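The structure appears below as structure tokens.
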Amino acid sequence: MNKLPAITMMLLLLAAAPAFAQVMHQTETVTLGKITAVDLQRGTLTLDTGVQFTLAPSLQYTTTPAINQEVQVTYSEQGGQKVARIIDLAPRNINKR
């Protein structure tokens, strides 16, 4: 019985474990607010709550973010920064704060 495939598979799983753990450890948070500043060139967005986000390269949005829009931002924290992953128009039936 050849044990090489089983050993190879085990080594691959062990090598991938740190990356998998980092992805699984990231939690996403959702917040609501009105956009007070947006800079697509620098990749930043600020809400009226004072929270500033860095826009993820893979950012998804339903409309181009614009000042005074009520939005719902889904983000995760990476290296001390809030990284926006999804920006949607805020649902009208949800009270902010």
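The values are calculated or read from the model by the stated rules, or taken from the named source; none is laboratory data. Worth saying up front: this structure is predicted, and the values here are computed from it rather than measured. Virtual Cβ from ideal backbone geometry, glycine too; neighbours counted across all protein chains shown.
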> Looking only at the stretch 37-79, which residues are of a type in the set (A, V, I, L, M, F, W, C), loosely packed, with under 15 Cβ neighbours inside 10 Å and within 16 Å of residue 89 (Cβ to Cβ)?
Replying inline: 66, 67
> When only residues in the stretch 56-97 that are basic (Lys, Arg) and either at pLDDT 95 or above or out of contact with any Leu (no Cβ under 9 Å at 6 or more places or on another chain) (or both) count, which is nearest to residue 31 (Cα to Cα)?
Replying inline: 82
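For the structure I just gave you, tell me whether residue 9 is at pLDDT 60 or above and farther than 16 Å from residue 82 by Cα.
yes
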> Of all residues in the stretch 64-87 being outside any loop (DSSP other than H, G, I, E, B) and of a type in the set (Gly, Ala, Ser), which is nearest to residue 40 (Cα to Cα)?
Replying inline: 84
